[in-house]
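So the structure is just underneath, and the comments pick up after that.
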Amino acid sequence: MSIESRPDALTPPLTPPTTQPTHPVDAATGMAKGLTNYGDRGFSLFLRKAFIKGAGYTDQALDKPVIGITNTGSAYNPCHGNMPQLMEAVKRGVMLAGGLPMDFPTISIHESFAQPTSMMTRNLMAMDTEEMILAQPMDAVVLIGGCDKTVPAQLMGAASAGIPAIQLVTGAMLTGSHRGERVGACTDCRRYWGRFRAGEIDGEEVAAVNNQLVASVGTCSVMGTASTMACIAEALGMTVPGGASPPAVTADRIRVAEMTGTLAVQMARDRLTIDKVLTAKAFENAMRVLLAIGGSTNCIIHLTAIAGRMGFEVDLKALDRMGRETPVLLDLKPSGAHYMEDFHHAGGMATLLRELKPLLHLDAMTVTGRTLGQEMDDHPAAFAQNVVRPASDPIYPQGGIAVLQGNLAPGGAIIKQSAADPRLMEHEGRAVVFENVQDMADRIDSDELDITADDIIVLKNIGPKGAPGMPEAGYIPIPMKLARQGVKDIVRVSDGRMSGTAFGTIVLHVTPEAAIGGPLAYVLNGDRIRLSVAARAIDLLVSDDELAQRRSAMTVVEPTAARGYRKLFLQTVTQADLGVDFDFLRAATMRGSVPSSGT
Ligand code: FES
């Protein structure tokens with residue numbers, strides 16, 4: 001069909017905004033959507049078609065629903081190393097359903113290749129994703145991500161863009177084998193490095209295991225942030241059913257990719273926009289799953305940021321109450337024993353959701369156009385397996401994450417109790433303070449460091465503005481002199497994050513952070529700190545008067561930057577309790593809080 005015979009496409013109507021007030025909704029479809037502004041809409045479409053035909057497209061192809069596909073392949077990102085195969089399969093699925101696949105690049109972030117920390121660029125990727133979805137014509141978008149920050153960034157960006165969106169994760173890597181022991185990134189990376197620091201293994205062995213920890217492309221093989229976000233994306237209803245668990249290099253993963261492409265076309269035709277999927281009930285289902293899988297603490301921040309884009313505050317106290325009635329069922333490292341490929345062989349999310357069914361909102365909508373409950377009715381029958389425990393015999397009786405509060409963290413802090421040492425969860429100790437990451441690096445392994453296993457290590461200035469970017473330095477290494485004595489855990493407190501693959505009695509996300517003058521800034525060496533996970537409390541045992549005196553005597557200078565993205569980041573980033581998102585990217589008005597108190 002020529003453009004002259006399609007006058008409707010030449011004058012695409014604009015309709016008022018609905019749920020996303022920041023972006024006008026363009027009711028045009030396909031290639032006529034989001035026309036470049038030359039002041040003549042007919043000419044804009046004429047020119048667009050002329051250019052795309054330079055790539056050999058026919059009018060017949062250009063009349064189809066357009067499905068954008070984010071291409072986050074990068075030589076710096078082996079977690080996305082199966083991108084070519086996934087892209088081919090998604091495109092096949094799109095074309096089988098009668099759509100036109102159009103892939104486009106966005107930023108890609110890998111944990112180990114992002115300086116100073118991947119969290120600093122998460123919001124940049126979210127902005128890139130949002131703006132490229134809006135700048136280019138597409139009726140639906142397939143988001144392909146995997147490594148820790150990419151899926152949160154894509155969901156944040158797509159939530160703000162507002163068009164139909166479906167998430168495809170790259171899938172977990174395979175496990176490797178070192179001298180007969182099964183290993184995988186990155187819990188075993190930390191364990192072997194800890195053994196090397198303690199002098200238990202030599203340089204030759206630590207070099208040998210380095211070859212085995214990441215046995216294929218794909219995301220970390222334990223329940224770290226990437227695996228947690230994959231499960232959360234499925235629990236949110238944002239992936240095809242069963243989309244979370246297939247490993248990266250399997251046929252199942254490719255089939256999920258093809259189905260994702262096919263569903264994207266259906267979503268475009270049905271105008272199943274993201275606000276119909278990312279509802280309060282969807283966020284509550286995701287929180288349930290986060291707690292039940294012993295998921296990464298980072299995902300509280302990411303879920304808070306995604307929810308904030310949709311107009312929902314996260315109520316940390318209500319989340320803690322939800323945690324008290326949600327058992328940890330998934331026996332995966334770092335809280336348990338298995339790896340993601342075992343979870344997949346055990347039936348993946350279908351097996352987990354079956355056990356959680358009484359606690360879920362079954363009427364939450366999914367990208368299939370059917371509710372979670374309808375999808376669960378079609379799940380395969382249960383079978384014997386030892387990775388997902390029955391609710392009657394959990395790994396841990398409560399949710400993996402507890403929310404703490406106290407005079408040290410008036411805005412909250414968290415601890416991954418399922419990965420902590422039970423002996424340390426009720427503990428009072430003397431503070432051993434490091435002012436920042438450099439101070440810690442300079443002194444932590446010194447034999448002169450005055451520290452015992454009963455002390456509490458405090459690391460300041462690794463919050464959203466402090467480092468900046470809230471690095472995963474909250475997993476403070478055991479000081480060398482203690483490691484040599486065989487100490488495996490010690491209470492650690494910081495305003496930073498830790499990797500989802502890490503373990504220990506570690507208090508994180510202390511809010512407000514030290515860099516903006518939170519109480520953490522005024523902790524001194526020798527102060528007493530009390531941690532009570534049972535009472536959900538983290539307190540500095542210093543009087544209010546003494547704290548006030550310290551506040552007036554010590555000057556906290558907030559970090560600044562002269563230019564560029566770092567300047568934007570430091571001026572607008574929010575604290576952990578608001579998702580470390582930029583303040584101007586959150587929804588203009590809030591619709592409520594999740595989880596709701598009635599959950
Ligand atoms: Fe990419 Fe762990 S480094 S998922």
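The values are calculated or read from the model by the stated rules, or taken from the named source; none is laboratory data. Quick caveat, the model's predicted, so the values are computed rather than measured. Because the Cβ atoms are built from the backbone with ideal geometry, glycine has one as well, and the counts that use them run over all protein chains shown.
Quick one: what pairs do we get from the stretch 355-369, first residue of a type in the set (D, E), second assigned to a loop (DSSP other than H, G, I, E, B) and surrounded by 18 or more Cβ atoms within 10 Å (Cβ to Cβ), C-beta under 7 Å, 6+ apart or different chains? From the stretch 355-369, the pairs are E355/L329.
Condition (residue is within 11 Å of the ligand (Cβ to nearest atom) and surrounded by fewer than 24 Cβ atoms within 10 Å (Cβ to Cβ)) applied to the stretch 196-209: is it met by at least one residue?
No; the residues of the stretch 196-209 include none that is within 11 Å of the ligand (Cβ to nearest atom) and surrounded by fewer than 24 Cβ atoms within 10 Å (Cβ to Cβ).
So that you can scan it fast, the table gives a plain yes or no per residue for (1) within 24 Å of S118 (Cβ to Cβ); (2) without any contact (Cβ under 8 Å) to a residue 60 or more places away in the chain; (3) touching a Leu at 6+ places or on another chain (Cβ under 9 Å); (4) among the small types (G, A, S):
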{"site": "A207", "(1), (2), (3), (4)": "no, yes, no, yes"}
{"site": "A248", "(1), (2), (3), (4)": "yes, no, yes, yes"}
{"site": "V277", "(1), (2), (3), (4)": "no, no, yes, no"}
{"site": "A280", "(1), (2), (3), (4)": "no, no, no, yes"}
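Being surrounded by 24 or more Cβ atoms within 10 Å (Cβ to Cβ), of a type outside the set (F, W, Y), modelled with pLDDT of 95 or more and more than 20 Å from the chain's Cα centre (by Cα) is true of V90. Has the stretch 343-362 got at least one residue that is on the phi > 0 side of the Ramachandran plot and either buried (at least 23 other Cβ atoms within 10 Å of the Cβ) or not polar (S, T, N, Q) (or both)? Yes, because at least one residue in the stretch 343-362 is on the phi > 0 side of the Ramachandran plot and either buried (at least 23 other Cβ atoms within 10 Å of the Cβ) or not polar (S, T, N, Q) (or both). In the set (1) surrounded by fewer than 16 Cβ atoms within 10 Å (Cβ to Cβ); (2) part of a helix (DSSP H, G or I); (3) touching a residue at least 60 places away in the same chain (Cβ under 8 Å), the condition left unmet by G486 is number (2). In the stretch 99-119, the residues that are farther than 23 Å from A61 by Cβ reach residues that are basic (K, R) with C-beta atoms within less than 8 angstrom, at least six apart or across chains, in these pairs: I109/R122; I109/K149; E111/K149; A114/K149; S118/K149; M119/K149; M119/R497.
Among the residues of the stretch 428-462, count how many are assigned to a loop (DSSP other than H, G, I, E, B) and within 22 Å of R528 (Cα to Cα).
So the answer is 14.
Contact annotation: residue pairs with Cβ atoms under 8 Å, 6 or more positions apart or on different chains, pairing a residue in the stretch 297-325 that is surrounded by fewer than 24 Cβ atoms within 10 Å (Cβ to Cβ) with a partner that is of a type in the set (K, R) and modelled with pLDDT under 95, are G311/R591. M173 passes every criterion in (1) more than 30 Å from L360 (Cβ to Cβ); (2) at pLDDT 95 or above apart from (1).
The condition of being surrounded by fewer than 24 Cβ atoms within 10 Å (Cβ to Cβ), charged (D, E, K, R), closer than 23 Å to M498 by Cα and within 14 Å of the ligand (Cβ to nearest atom) holds for R190.
Pick out the one residue from A244, A235 that is under 14 Å from V289 (Cα atoms), touching a residue at least 12 places away in the same chain (Cβ under 8 Å) and touching a Ser or Thr at 6+ places or on another chain (Cβ under 9 Å). Let's see the steps before the verdict.
Numbers: A235 fails: touching a Ser or Thr at 6+ places or on another chain (Cβ under 9 Å).
Just a single option satisfies the conditions, and that option is A244.
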